Amino acid sequence: RFNKIFYLVSWFFTLYFLSGCTPPQPSLRVSPSSAVLTPNESVTLTAALVNTSLESDIAWTSTGGTLSATTGESVTFRSEGKGTYRVTAAAVSDPTLTRTATITVAQAVSIGSSETPSVNNGNVAGAS
C-alpha cells in the first residue's frame, strides 16, 4: 500500500514539474490602484500580500500629500495642491514586493452660476 501511494505522489510531482507549471509568484496588491481627488480630499488605500505565507508589515511612502501612517495594512492619503502623486506600498520583510497607486489631484470645477435667474414678464434677469 505504501508503494502505491509513493508511486502516485511521485508520478504527480513528476508530471507537475515536467509540464512547466510553476507555483504562483508572491505579489502585493494595493486598492484602489488610482484615484482622482480635489485639494484637501482623502482616500484610504489598502495593501494585501497574495500567493505567499509571508507575514509582513507594509511600509508606505508618497511623493506628496499627507499619509495617516507609514506602516500597516491601510493608510489614508490626504491631497494637497493640484498634481499627480504616487503612494507606494512595500513589504517590510521583502522590499522587492512593491505596488504603487497613482493619485491625481485636480481643481474642483464649478458649472454654471450660483445666482438664480428670475423671470419677469418673459424676460430672464441675470441671464447672459
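Please treat every number below as a calculation from the coordinates, not as lab data. Please read all numbers here as calculations on a predicted model, not as lab measurements. We place every Cβ from the backbone using ideal geometry, glycine too, and count neighbours over all the protein chains shown.
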Check your understanding: Using a simple spin-label model with points 7 Å from Cα along the Cα→Cβ vector, what separation in nm is obtained for Thr52 and Arg78?
Key -> 3.1 nm
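Between Ser33 and Ile111, 0.36 nm times their residue separation minus their Cα-Cα distance comes to what? Walk me through the numbers on the way to the answer.
Numbers: separation 78, 0.36 × 78 = 28.08 nm, distance 2.85 nm.
Once the chain is fully extended between Ser33 and Ile111, it gains 25.2 nm.
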Review point. Which of the peptides 32-44, 96-108 is most tightly packed, and how do the rest follow, going by the mean number of other Cβ atoms within 10 Å of each residue?
Key: 96-108, 32-44
